[in-house]
Ligand SMILES: *Cc1c(COP(=O)(O)O)cnc(C)c1O
């Protein structure tokens, strides 16, 4: 019998995908200092944990498919009606739903050089063409060039604000000009995974724009500042017409019940969120001061993470892993001098920075 070559059966986009693999994965021991995935330094709210425990005995029941209770809590939180909300299994799920709702083979999806790795991945999956726009000096998105990259084939533009892994951000002025310039038949996805860390100054909040630009979709997550990464829950905000389409593509039970009750409880614990944000910004200030003091290059960041120019990033990451500290080298992003460090507790940050400084010194001498 002739053997089947499954390569011939696989759809074209899938063949070009490299499986996602965190560069520094290590079996988690309780002693591991995990600063490689931008998780919260305080962890989940105790209210969220209580809600999960209380709900655990209902694990045999399907979740309510429309997630009404959580949507109502999010509606209060965002000032938008529940008809504007789509829940996802992490915001990655929402990004995937958006691509599958609007794009197929031959369409163009625009994103920046150094942008979040999920954008090229889902572009390949739907068979669309990735239009990667060169970043500005300093690694940030060039929104002027991204608006100019729009053609008749463009369906979606992804903007991460701030971006992961660079931490770079666009100002209110830049975003306003961009949204004015982009034609309404192009969907603009503003990925605000770190928005809770970013209030103040000239940092734009997508909610200021969403009623004015019907082609704008905001995506948000409970994985980062809310400390619920393990549960996989995020959401999109968009006009009801778009939301209706996203909810047709969404799988009926894409978000699990424990995640929904935890997210709802987390939203009710503003104090925990404020503590997380405050401690993170203190940690960031401290790390930046030490980098400046030691004359080490970094990319200014508005996320809960920072890219540091260590020279040999892979060597640094491997050496730190030996000591039980996980950070991310950024060779996959074409930033081979940089590691990305998540802001941890003061103790974790100090230990990690001291080791990084020692390693850099050893190389220089
Ligand atoms: C972490 C992250 C996400 C979302 O992750 P989920 O855990 O799937 O919600 C989305 N966008 C960016 C830019 C991120 O860094």
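Quick note: the coordinates plus some simple rules give every number you see, no bench work behind them. Nothing here was measured: the structure is a model prediction, and the numbers come from that model. FYI the Cβ positions are ideal-geometry reconstructions off the backbone, even for glycines, and counts take in every protein chain you see.
Sorted from largest down, give the three principal axis spans of the alpha carbons of the stretch 252-318, whole angstrom values.
On the principal axes, the stretch 252-318 reaches 49, 28, 18 Å in Cα extent.
At q = 0.20 Å⁻¹, what is the log10 ratio I(q)/I(0) for the stretch 154-234, with the Debye formula run over Cα points and no solvent?
The Cα Debye sum returns log10 ratios of -0.92.
Which log10 I(q)/I(0) values, to two decimals, does the chain give at q = 0.10, 0.13, 0.15 Å⁻¹ under the Debye formula with one point per Cα?
-0.65, -1.10, -1.42
Determine Rg/Rh for the stretch 44-162; Rg is computed over alpha-carbon atoms and Rh is the Kirkwood hydrodynamic estimate from the same atoms. Spell out each step's value before the answer.
On the way: Rg = 18.4 Å, Rh = 17.0 Å.
Reported Rg/Rh (Cα atoms, Kirkwood Rh): 1.09.
Hey, if you drop one equal point scatterer on each alpha-carbon of the stretch 92-190 and run the Debye formula without solvent, what base-10 log of I(q)/I(0) do you get at q = 0.13, 0.18, 0.20 Å⁻¹?
-0.39, -0.77, -0.96
How do 285, 302, 248 rank when sorted from fewest to most other Cβ atoms within 10 Å of their own Cβ?
Neighbour counts put them in this order, fewest first: 248, 285, 302.
The stretch 292-365: D in µm²/s via Stokes-Einstein (Kirkwood Rh, Cα pairs, 4 °C, 1.567 mPa s)?
105
Would you kindly calculate the mean projected area, averaged across all directions, of the convex hull enclosing the Cα atoms of the stretch 228-365, in square nanometres?
11.4
Sorted from largest to smallest, which semi-axis lengths in Å does the alpha carbon gyration tensor of the stretch 123-272 give for its equivalent ellipsoid, taking the root of 5 times each eigenvalue?
Those come to 26, 20, 15 Å.
Which value results when the Cα radius of gyration for the stretch 130-176 is divided by 2.2 N^0.38 Å?
The stretch 130-176 yields a ratio of 1.13.
Would you calculate, for the chain, the mean residue ellipticity at 222 nm contributed by helices, counting each DSSP H stretch of 4 or more residues as -39,500 (n - 2.57) and dividing by all residues, to the nearest 500?
Computed mean residue ellipticity for the chain: -11500 deg cm²/dmol.
Kirkwood hydrodynamic radius of the stretch 85-133 from all distinct Cα pairs, in Å?
Across the stretch 85-133, the inverse of the average 1/r is 11.0 Å.
Let me have the relative contact order for the chain, percent, based on Cα pairs under 8 Å that are six or more residues apart.
It comes to 24 percent, rounded to a whole number.
For the peptides 337-347, 75-85, 318-328, what is the packing order when you average, over each peptide's residues, the other Cβ atoms within 10 Å and list the highest mean first?
Per-residue Cβ counts within 10 Å, averaged per peptide and sorted highest first, yield 337-347, 318-328, 75-85.
List 178, 111 from most exposed to least, where exposure is judged by having the fewest other Cβ atoms within 10 Å.
By the 10 Å Cβ count, ascending, the order reads 178, 111.
Taking only the alpha carbons of the stretch 300-342, what extent do you get along each of the three principal axes, in Å, biggest first?
29, 20, 15
Using per-residue counts of other Cβ atoms within 10 Å, averaged over each peptide, order 182-188, 141-147 from highest down.
Ranking the peptides 182-188, 141-147 by packing returns 141-147, 182-188.
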